[in-house]
Amino acid sequence: MVTGTAIAGCNAPLGGSEYYPITIENDHDQNHMVVVSITIFDDHGLGFSTAFSDNMLVGAGRSQEFEEGIPAPDSNPEYTVLVMLENETTNRLDFTLDNGIAELKIQITAGGEIEIQPVR
C-alpha cells in the first residue's frame with residue numbers, strides 16, 4: 001500500500017490517503033490500448049462510486065504502474081474491475097482488499113487474453 005496526498009473534492013480518496021498500486025503488464029507481441037475501470041457498488045445496490053478509471057497505450061513487452069491506483073476505503077467493499085482492449089477483448093473480476101492484498105495485477109498474456117489477479 002502506498003501513501004499519497006489528495007485534494008478535497010469529488011476525486012478525493014474514499015477513505016484517506018492510502019492506495020493499492022495497479023500494475024498492467026503486456027506480454028503480448030502487440031501494443032494494446034487498455035481501458036481499466038474499477039467501481040465500488042453500495043451495500044443497497046442503488047449506486048456505485050468509481051475508485052479508478054484510466055486508459056493507456058501499453059507497448060508490447062512493457063508494463064505500466066499506477067502507485068496511486070485504488071484508494072483504500074474506510075470499510076471493505078466489493079470492487080469490480082473491468083479491463084478492455086482496443087480489439088474488444090474484455091475481462092472482469094469482483095474482489096475485496098482483505099486477506100493482505102498488496103496490489104492489483106492486470107496481465108495481457110502472450111496469447112492476447114486478459115488476466116486479473118489481486119496479489120498478496
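The values are calculated or read from the model by the stated rules, or taken from the named source; none is laboratory data. All of these numbers come straight from a predicted model, not from anything done at the bench. Because the Cβ atoms are built from the backbone with ideal geometry, glycine has one as well, and the counts that use them run over all protein chains shown. When the accessible area is computed, the model is the full protein with side chains, heavy atoms only, and any ligands, DNA or RNA have been set aside. Shrake-Rupley method; radii C 1.70, N 1.55, O 1.52, S 1.80 Å.
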Provide the per-residue ³J(HN,Hα) series for segment 103-118, in order, calculated from phi with Karplus coefficients 6.51, -1.76, 1.60 and θ = phi - 60°, each as a whole number of Hz, with x at glycine and proline positions. 6, 10, 10, 10, 10, 8, 6, 4, x, x, 8, 10, 10, 10, 9, x
Extent of the chain along each principal axis, from alpha carbon coordinates, in Å, largest to smallest? 40, 30, 28
Percent of accessible area on segment 69-120 owned by carbon and sulfur, 1.4 Å probe? 44
Computed over segment 29-120, protein heavy atoms only, probe 1.4 angstrom, the accessible area per residue in square angstrom equals 58
Magnitude of the Cβ-charge dipole (Lys and Arg +1, Asp and Glu -1) of the chain about the Cα centre, nearest 20 debye, reported as 100
Using θ = phi - 60° and the Karplus relation 6.51 cos²θ - 1.76 cosθ + 1.60, list the HN-Hα couplings for segment 84-95 in order, rounded to whole Hz, with x at every Gly or Pro. 9, 9, 4, 8, 6, 5, 9, 7, 9, 8, 9, 7
Please give the solvent-accessible surface of ASP27 in Å², to the nearest 10, using a probe radius of 1.4 Å with every protein chain present. 80
